[in-house]
Amino acid sequence: MARTSSLDQGSTPSLFSPYKMGRFNLSHRVVLAPCTRCRAINGIPQAALAEYYSQRATQGGFLITEGTMIDPTSAGFPHVPGIFTKEQVEAWKKVVDAVHAKGAIIFCQLWHVGRASHQVYQPGGSAPISSTDKPISKRWRILMPDGSHGIYPKPRAVGVDDIANVVEYYRIAAINAIEAGFDGVEIHGAHGYLIDQFLKDGINNRKDEYGGSLANRCKFIMQVVQAVATAIGADRLGVRISPAIDHLDAMDSSPLSLGLAVVERLNKLQVDIRTKLAYLHVTQPRYVAYGQTESGKQGSEEEEARLMLTLRNTYQGTFICSGGYTRQLGIEAIAQGDADLVSYGRLFIANPDLVLRFKLDAPLNKYNRKTFYTQDPVVGYTDYPFLNKERGSNRPFSRL
Ligand SMILES: Cc1cc2nc3c(=O)[nH]c(=O)nc-3n(C[C@H](O)[C@H](O)[C@H](O)COP(=O)(O)O)c2cc1C
């Protein structure tokens, strides 16, 4: 029998039924997952970003931006946007306005890649920061500004005093995001980037108060969450984690214990401050059901499903799942109560009108992996065709 969360509006929820995500009234459950697209030349959101996000916006839909730099040391990809300078904030305003004009809600994903960077992306060519001084293994390659692939360098383990500065970068970036008009922010605590580098015991080898026990490894993420919640309000804040994903060597000896440790702390924070976060967003590695996801896999599919369900049942608030969901899997996830919302990455990249196509059960465009991270403002970015000949429209066919 379908299980419904206390936040659900109707009896049996569907992928296309409304959902109240705290202060936000969503008209359906199909979310744009954060996807790095490398079109923000020199860190500045361009007109192409406004076009891209507004193409994917629907009345009452929910979009999460690509990972966005919180300070000059955060980048590990070419031409990712930032949200730490006045110029960036002003540029984002045009993107947000274009999305709001379509009636959608948009959060900015706050991102620090930590050791998943290279000296070429760092101010003064210095070493990237991390929880550790261990580099990412040669199993992985970094995308360089010229399109070639390089080796991840040895990072610098950030000192305890510096950690407070990084927390402050998140706080200021969140305030900037609200200034730019975003409805909220998502803290990127997933996929082997800086926060995950603190969370995972396969990476974090610190001997101080930020390493070792689960409590210590959760300290950094909770400081960031607390600081951002205080600055902009917990109900404008979502958190993304991926305890079972080994992308960029982010392995943990007990993904379930780690996931639960984060969830229990988020639950406690919500009680303490008497406000729910906007949501928890968890990435599920799924290979068998729908080809390969972008992320690595750890454990069997059954284990992963159990982990997702345990986190979903433990977290007291809106739960977004992501990773390898098709239309059918999304419909099932919502109907069974496995999640409140489903985020789609690759399918949304290739189908600007994904929500309409899902509603009609129409054929989907195929994504082109080769243009995921290129810089052309149109090709592989805003030129994926709409179902409707009237380009840019998310309206159904007139015959329907
Ligand atoms: C090109 C590309 C870029 C991505 N960039 C980000 C990112 O910036 N932040 C993030 O949290 N996840 C990122 N992801 C992961 C997606 O949010 C999503 O979880 C993943 O693609 C799995 O979902 P899917 O099977 O629907 O594509 C990216 C994925 C792709 C394909």
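The values are calculated or read from the model by the stated rules, or taken from the named source; none is laboratory data. What you are looking at is a predicted structure, and each value in this text was computed from that prediction instead of being measured. As a convention, Cβ positions derive from the backbone with ideal geometry for all residues, glycine included, and neighbour counts pool all protein chains shown. Heavy atoms of the whole protein, side chains included, go into the accessibility calculation; ligands, DNA and RNA do not. Shrake-Rupley method; radii C 1.70, N 1.55, O 1.52, S 1.80 Å.
Just one of (1) away from the ligand (no atom under 13 Å from the Cβ); (2) part of a loop (DSSP other than H, G, I, E, B); (3) in contact (Cβ under 8 Å) with a residue 24 or more places away in the chain fails for residue 11. It is (3). The condition of being open to solvent by less than 20 Å² (accessible area, probe 1.4 Å), more than 16 Å from residue 278 (Cα to Cα) and in contact with a Pro (Cβ under 6 Å, 6 or more places away or on another chain) holds for residue 48. Please determine, by comparing only the residues of the stretch 109-138 that are in contact (Cβ under 8 Å) with a residue 60 or more places away in the chain and within 15 Å of the ligand (Cβ to nearest atom), which one is surrounded by the most Cβ atoms within 10 Å (Cβ to Cβ). Filtering the stretch 109-138 for residues that are in contact (Cβ under 8 Å) with a residue 60 or more places away in the chain and within 15 Å of the ligand (Cβ to nearest atom), the one surrounded by the most Cβ atoms within 10 Å (Cβ to Cβ) comes out as 111.
Residues are listed down the side, and each one gets a yes or a no for (1) touching a Phe, Trp or Tyr at 6+ places or on another chain (Cβ under 9 Å); (2) modelled with pLDDT under 95; (3) within 12 Å of the ligand (Cβ to nearest atom):
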residue: 15; (1), (2), (3): yes, no, no
residue: 20; (1), (2), (3): no, no, no
residue: 23; (1), (2), (3): no, no, no
residue: 37; (1), (2), (3): yes, no, yes
residue: 41; (1), (2), (3): no, no, no
residue: 45; (1), (2), (3): yes, no, no
residue: 52; (1), (2), (3): yes, no, no
residue: 72; (1), (2), (3): yes, no, no
residue: 88; (1), (2), (3): no, no, no
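Reported count of residues in the stretch 309-330, each being more than 14 Å from the ligand (Cβ to nearest atom), in a loop (DSSP other than H, G, I, E, B) and of a type outside the set (Phe, Trp, Tyr), is 3. Can you list residue pairs whose Cβ atoms sit under 6 Å apart, with the first residue in the stretch 246-262 being in contact (Cβ under 8 Å) with a residue 24 or more places away in the chain and the second being among the basic types (Lys, Arg)? Count only pairs 6 or more apart in sequence or on different chains. That search, which allows pairs on different chains as well, returns 250/200; 252/200.
Exactly one residue out of 333, 339 is within 15 Å of the ligand (Cβ to nearest atom), assigned to a loop (DSSP other than H, G, I, E, B) and in contact with a Cys (Cβ under 8 Å, 6 or more places away or on another chain): that is 339.
For residue 210, the requirement of being open to solvent by less than 30 Å² (accessible area, probe 1.4 Å) and assigned to a loop (DSSP other than H, G, I, E, B) is met.
Determine, yes or no, whether residue 202 is open to solvent by 10 Å² or more (accessible area, probe 1.4 Å), on the phi > 0 side of the Ramachandran plot and not basic (Lys, Arg). For residue 202, the condition - open to solvent by 10 Å² or more (accessible area, probe 1.4 Å), on the phi > 0 side of the Ramachandran plot and not basic (Lys, Arg) - is not met.
If you go through the stretch 54-70, how many residues are open to solvent by 10 Å² or more (accessible area, probe 1.4 Å), more than 16 Å from the ligand (Cβ to nearest atom) and touching a helix residue (DSSP H, G or I) at 6+ places or on another chain (Cβ under 8 Å)? The total comes to 2. Looking only at residues in the stretch 229-254 that are more than 16 Å from the ligand (Cβ to nearest atom) and part of a helix (DSSP H, G or I), the one that is most open to solvent (accessible area, probe 1.4 Å) is 230.
Among residues of the stretch 342-376 being part of a helix (DSSP H, G or I), over 25 Å from residue 304 (Cβ atoms) and without any contact (Cβ under 8 Å) to a residue 40 or more places away in the chain, the one that is nearest to the ligand (Cβ to nearest atom) is 371. The residues in the stretch 139-160 that are crowded, with 17+ Cβ neighbours inside 10 Å and at pLDDT below 95 can be counted, and the count is 0.
Counting the residues of the stretch 150-168 that are within 23 Å of residue 225 (Cα to Cα) and not in a strand (DSSP E or B) gives 11. Scanning the stretch 169-203 for residues that are in a loop (DSSP other than H, G, I, E, B), under 25 Å from residue 258 (Cα atoms) and touching a residue at least 60 places away in the same chain (Cβ under 8 Å) returns 190, 191, 192, 193, 203.
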